[in-house]
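To start, the structure under review is shown below, and the notes come after it.
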Amino acid sequence: MTGQGEKANAEKAMSTIWSRWRRKAIGAAFATLTLCAAINALFLQTPRNAGLPGASETVAALPAGKSAETPVRAGAGAPPQPSEPRSAATPETIRAVQRELARRGYRVGAEDGRVRMIMREAIVAYEFDRGLPLTGEPDERLLKDMLFAPPLPRGKRDQAEARFEGDGALVRRVQQALAELGFGSPPVSGEMDDKTRAALRQFQANRKLGETGALSERTLFEIAVVTGKPITVGP
């Protein structure tokens, strides 16, 4: 009996030791896993929003309301910023718009699916010729209009600045936008007077454009970008 009791006590002691060792091993393994997970989260994982707009960079606005931009107001203390808006259109759509613009005699540069300022200026000229809101954006709306609209006479694309400045409704909207942005005090009259040209030169200087005081495709595009909305054409 004495031998059996000693054997039972030994087995009980071994069971206790094994149970304690197992608990310690499980605890150590859990602590190791926790530490590895923390190191992975802190140092190895790439943030999910890295590289996306808004994570580490500011995306310039598109004039058709696709993204927001803080208007640059005269005297507001903000440095002038040249506009390089990014297009949401696919390269296929951009190439199609380039092809259709070139077919109608508008200068677009290379037909490579990349948006350059020369292309945006051509779009503004086309939109004006068609009586569309001036956006400079190569989107599906523009492409559909090009595919179904009749070709315009080539003569209408000559002397763009004179045509812009001769459109009283367009000039009025430009004057109103300049006044709201704080560039001079042009009268909202629809006439290209000296005050309007002076306000345009202030705006052009702020946006690092040529200070001509004249309405051009680039100036109209810049006004649309800064105000965050397209300039409408017509009464």
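The values are calculated or read from the model by the stated rules, or taken from the named source; none is laboratory data. Please read all numbers here as calculations on a predicted model, not as lab measurements. Please note: Cβ atoms are built from the backbone with ideal geometry, for glycine as well, and neighbour counts cover all protein chains shown. Heavy atoms of the whole protein, side chains included, go into the accessibility calculation; ligands, DNA and RNA do not. Shrake-Rupley method; radii C 1.70, N 1.55, O 1.52, S 1.80 Å.
For segment 98-116, check the following and say yes or no: at least one residue is surrounded by fewer than 17 Cβ atoms within 10 Å (Cβ to Cβ), within 19 Å of Val225 (Cα to Cα) and among the aliphatic types (A, V, I, L, M). Checked against the condition, which is being surrounded by fewer than 17 Cβ atoms within 10 Å (Cβ to Cβ), within 19 Å of Val225 (Cα to Cα) and among the aliphatic types (A, V, I, L, M), segment 98-116 yields no hits at all. The set of residues in segment 209-235 being over 11 Å from Glu127 (Cβ atoms) and β-branched (Val, Ile, Thr) consists of Thr212, Thr219, Ile223, Val225, Val226, Thr227.
Of all residues in segment 219-235, count the ones that are out of contact with any Pro (no Cβ under 9 Å at 6 or more places or on another chain) and modelled with pLDDT under 95. So the count comes out to 2.
All of (1) more than 28 Å from the chain's Cα centre (by Cα); (2) under 17 Å from Val226 (Cα atoms) hold for Lys195 with one exception: (2).
Among the residues here, Gly210 does not qualify as part of a loop (DSSP other than H, G, I, E, B) and either open to solvent by less than 40 Å² (accessible area, probe 1.4 Å) or in contact (Cβ under 8 Å) with a residue 60 or more places away in the chain (or both). Within segment 160-198, the residues that satisfy the criterion of being assigned to a helix (DSSP H, G or I), open to solvent by 60 Å² or more (accessible area, probe 1.4 Å) and more than 22 Å from Glu127 (Cβ to Cβ) are Asp194, Lys195, Arg197. Is segment 121-141 home to any residue that is more than 24 Å from Val226 (Cβ to Cβ) and in a loop (DSSP other than H, G, I, E, B)? No, because not a single residue in segment 121-141 is more than 24 Å from Val226 (Cβ to Cβ) and in a loop (DSSP other than H, G, I, E, B).
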